[in-house]
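Derivation of every value follows stated rules applied to the coordinates shown; laboratory data play no part. Just so we're clear, the structure is a prediction, and the values are computed from it rather than from any experiment. Here the Cβ positions follow ideal geometry from the backbone for every residue, glycine too, while neighbour counts run over all protein chains shown.
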Amino acid sequence: MIDLHYWTTPNGHKITLFLEEAGLPYSIHPVNIGKGDQFAPDFLAIAPNNRIPAIVDHEPAGGGEPISLFESGAILLYLADKTGRFIPQEPHARAEVLQWLFWQMGGLGPMAGQNHHFTQYAPETIPYAIDRYVRETARLYGVMDKRLADRPFLAGEGYSIADMASYPWIVPHERQRQDLADFPNLKRWFEAIAERPATKRAYALADTINTAPSVSDEESRRILFGQGAR
């Protein structure tokens with residue numbers, strides 16, 4: 001059994017996508033980030049960066065003590081290696097998956113996240129910041145569109161953790177001020193993943209856990225965006 005500490009954000013969806021695809025038994029432990037659950041001592045013990053998702057695997061490969069992990073990319077890689085699924089073992093093919101997984105972690109996620117912040121959550125409108133991150137999001141969409149011009153998935157023929165990492169960050173494309181019609185290869189990829197039964201199950205599950213925005217008032221804004229070193 002895997003304990004998944006989760007909230008309904010793109011990074012959280014990455015892990016439910018994998019778990020539903022792989023059919024691994026798991027239990028969800030909601031971490032309501034708008035109410036500050038991410039600062040609970042029990043959660044910080046497994047996720048010291050106070051961010052979801054995190055997992056505890058009570059049956060790691062080879063046995064032994066439970067393994068806990070935070071950071072969505074690390075979790076996806078761990079689960080892929082544990083199951084032997086959604087990442088090839090052949091070195092060249094594995095490298096393709098890893099570089100696109102890290103591309104998402106270092107590029108698409110952070111830039112789209114800043115897009116979300118300045119277009120939706122910032123207390124004041126800052127045109128330069130909005131333009132900066134909307135344009136960078138578009139650039140990254142363009143990178144994906146070119147990559148997908150001659151292959152069905154980011155790493156080639158097979159669906160992989162690179163696709164699972166990126167898909168949830170494309171779901172809010174309208175809020176990111178992007179039109180998928182401008183990126184036909186990306187649009188085809190997006191629609192194909194949306195139709196996968198595991199994707200439908202993962203997002204249906206999210207709807208049973210949370211239907212409200214994480215930033216709903218000044219207190220939730222303070223919790224999410226008011227953190228400092230202490």
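Miscellaneous remarks
- DSSP loop GluC sites (Glu not before Pro) with at most 13 other Cβ within 10 Å: longest gap in the chain: 1-123
- If you wrap the Cα atoms of the stretch 138-230 in a convex hull and average its projected area over all directions, you get 8.3 nm².
- Among the chymotrypsin sites (Phe, Trp or Tyr not before Pro) in the stretch 159-220, none sits in a DSSP loop with a Cβ that has at most 10 other Cβ atoms within 10 Å.
- D (Stokes-Einstein, µm²/s), Kirkwood Cα radius, the stretch 30-80, 0.692 mPa s at 37 °C: 283 µm²/s
- Taking all Cα pairs closer than 8 Å and separated by 6 or more residues, the relative contact order of the chain comes to 24 percent.
- Normalising the Debye intensity of the chain to I(0), with uniform scatterers on Cα atoms only, and taking log10 at q = 0.08, 0.12 Å⁻¹ returns -0.30, -0.68.
- Cβ-based charge dipole, the stretch 59-132, positive-most Cα from Pro110, Ile87, Gly62: Ile87
- Residue among Pro184, Pro168, Pro127 with the largest mean-square fluctuation in a Gaussian network model of the chain, springs linking Cα atoms under 10 Å: Pro127
- Cubic angstrom per residue, convex hull over Cα atoms of the stretch 91-195: 87 Å³
- Magnitude of the charge dipole, the stretch 18-175, Cβ model with Lys/Arg +1 and Asp/Glu -1, debye to 20: 440 debye
- 3J(HN,Hα) from dihedral phi, the stretch 218-230, Karplus parametrisation 6.51/-1.76/1.60, rounded to Hz, x for glycine, proline: 5, 5, 5, 4, 5, 5, 7, 10, x, 7, x, 5, 7
- For the stretch 91-195, a crude dipole built from +1 on the beta carbon of Lys and Arg and -1 on the beta carbon of Asp and Glu, taken about the Cα centre, is about 200 debye to the nearest 20.
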